[in-house]
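Some notes on the structure that comes next.
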Amino acid sequence: MTLVTRRTILLAASALGAVGLTAGLAFADLPPLAKKDTYKVGFAQTESNNPWRIAQTKSMQDKAAELGYQLVYTDAAGSAAKQVADVNSMIAQGVDLIFLAPREEKPLIPAVMAAKKAGIPVILLDRNVDQALAKAGEDYVTFIGSDFIDEGKRVAEWLAKNANGKSKIIELEGTTGSSPANDRKKGFDEAITAAGGFTILASQSGDFARDKGRQVAEALLQAHPDADVIYAHNDEMAMGAIAALEAAGKVPGKDVLVLSIDGGKEAVQAVVDGKIAAVVECNPRFGPKAFETMARYAAGEKIEAWVKNVDKFYDPSNAAAELPNAY
Ligand code: AHR
């Protein structure tokens, strides 16, 4: 097994001309951002296959338009390799700053380092990179996003209080190697183990996608017909799981509790309808905070390593009232 370290990644990137090493592992400071009336800004999106991504992109485009900035938008269509190429293309186009939603934690490191070498500051949006390989305030400006570990923990804590005897869990994980999948699993698994009395029967990736989530839920329900809880790392997989349950003749919300993260309108409506038991929000409206953070950086402020988003929680006690506010 190859041990991937910050040093090996940086040396590999350097060999590709992506990073300038001066003395051993000495690095320049973060690239500065000049104060200007208008900017050309990159936004490297990871994919556009779900309402969460579409809401995030719209929020970024709306805010850029409001400010009169040019937004160079790319969609990596679910490929980390394409996303690296997208960032390289933004560098070639001479953007002032890059907002990057890194699909996975490790493969986007060379892109972060290449932007730094080119003197272009990077702000990570919604997903993080491997903290052993790149650092906020050193390699990129900051990470703006939710506390994914806490999201998983909040689902587990709700379940521990409201399970009503249900205890056998199927977990549908997000994209393998992505920070929300890693952290939502960690937060949930640790908290549910600490609560005691629950068993995770199976845990498998559904790639944050509805149809993959449905297929994986179908297979896992066949292998574990006694499962009575499905925890999905996002709404899309939760909706896929509901379809799988209904196809298997089970009643979501009665035979099997479905729990989710994201809080899109369809999922909050499913809470109102009793098909989803509870959802932790993951707020996709990044535009205002992203551009405000960029302005603070241009003004010379020292930006905190993590600009945290605050997430709501939906269950039968508030879902109907909150439905109009869901994205
Ligand atoms: O990174 C956030 C996650 O990515 C959202 O939960 C998911 O729906 C999206 O694709």
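The values are calculated or read from the model by the stated rules, or taken from the named source; none is laboratory data. Here the structure is a predicted model, which is why all the values come from computation and not from measurement. Cβ coordinates were reconstructed from backbone atoms using ideal geometry, including for glycine residues, and neighbour counts include every protein chain displayed. The area values use the complete protein model at the heavy-atom level, side chains included, leaving out ligands, DNA and RNA. Shrake-Rupley method; radii C 1.70, N 1.55, O 1.52, S 1.80 Å.
Would you check which residues across the stretch 227-275 are in a loop (DSSP other than H, G, I, E, B), within 24 Å of G165 (Cβ to Cβ) and either modelled with pLDDT under 95 or open to solvent by less than 10 Å² (accessible area, probe 1.4 Å) (or both) and list them? The one that is in a loop (DSSP other than H, G, I, E, B), within 24 Å of G165 (Cβ to Cβ) and either modelled with pLDDT under 95 or open to solvent by less than 10 Å² (accessible area, probe 1.4 Å) (or both): A227.
Conditions (1) open to solvent by less than 10 Å² (accessible area, probe 1.4 Å); (2) among the charged types (D, E, K, R); (3) within 16 Å of the ligand (Cβ to nearest atom), marked per residue:
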{"position": "A65", "(1), (2), (3)": "no, no, no"}
{"position": "A76", "(1), (2), (3)": "yes, no, yes"}
{"position": "G94", "(1), (2), (3)": "no, no, no"}
{"position": "P102", "(1), (2), (3)": "yes, no, yes"}
{"position": "P110", "(1), (2), (3)": "no, no, no"}
{"position": "M113", "(1), (2), (3)": "yes, no, no"}
{"position": "K117", "(1), (2), (3)": "no, yes, no"}
{"position": "D126", "(1), (2), (3)": "yes, yes, yes"}
{"position": "K135", "(1), (2), (3)": "no, yes, no"}
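Flag set for L159, criterion: closer than 21 Å to I276 by Cβ and either assigned to a helix (DSSP H, G or I) or within 16 Å of the ligand (Cβ to nearest atom) (or both).
Here the stretch 276-306 is the region considered, the condition is being among the hydrophobic types (A, V, I, L, M, F, W, C) and within 16 Å of the ligand (Cβ to nearest atom), and the residue that is nearest to K161 (Cα to Cα) is A278.
Does the stretch 305-320 contain any residue that is in contact with an Asp or Glu (Cβ under 7 Å, 6 or more places away or on another chain), open to solvent by less than 30 Å² (accessible area, probe 1.4 Å) and closer than 30 Å to V129 by Cα? Checked the stretch 305-320: at least one residue is in contact with an Asp or Glu (Cβ under 7 Å, 6 or more places away or on another chain), open to solvent by less than 30 Å² (accessible area, probe 1.4 Å) and closer than 30 Å to V129 by Cα. Of the residues that sit in the stretch 162-194 and are polar (S, T, N, Q) and in a helix (DSSP H, G or I), which one is nearest to the ligand (Cβ to nearest atom)? Filtering the stretch 162-194 for residues that are polar (S, T, N, Q) and in a helix (DSSP H, G or I), the one nearest to the ligand (Cβ to nearest atom) comes out as S179. Tallying residues that are crowded, with 19+ Cβ neighbours inside 10 Å and over 17 Å from the mean Cα position of the chain (by Cα) within the stretch 41-63 yields 3.
Inside the stretch 80-92, can you point out the residues that are open to solvent by 10 Å² or more (accessible area, probe 1.4 Å) and over 18 Å from P180 (Cα atoms)?
Residues of the stretch 80-92 that are open to solvent by 10 Å² or more (accessible area, probe 1.4 Å), as a first pass: 80-82, 84-86, 88-89, 91-92.
Passing the criteria: A81, K82, V84, A85, D86, N88, S89, I91, A92.
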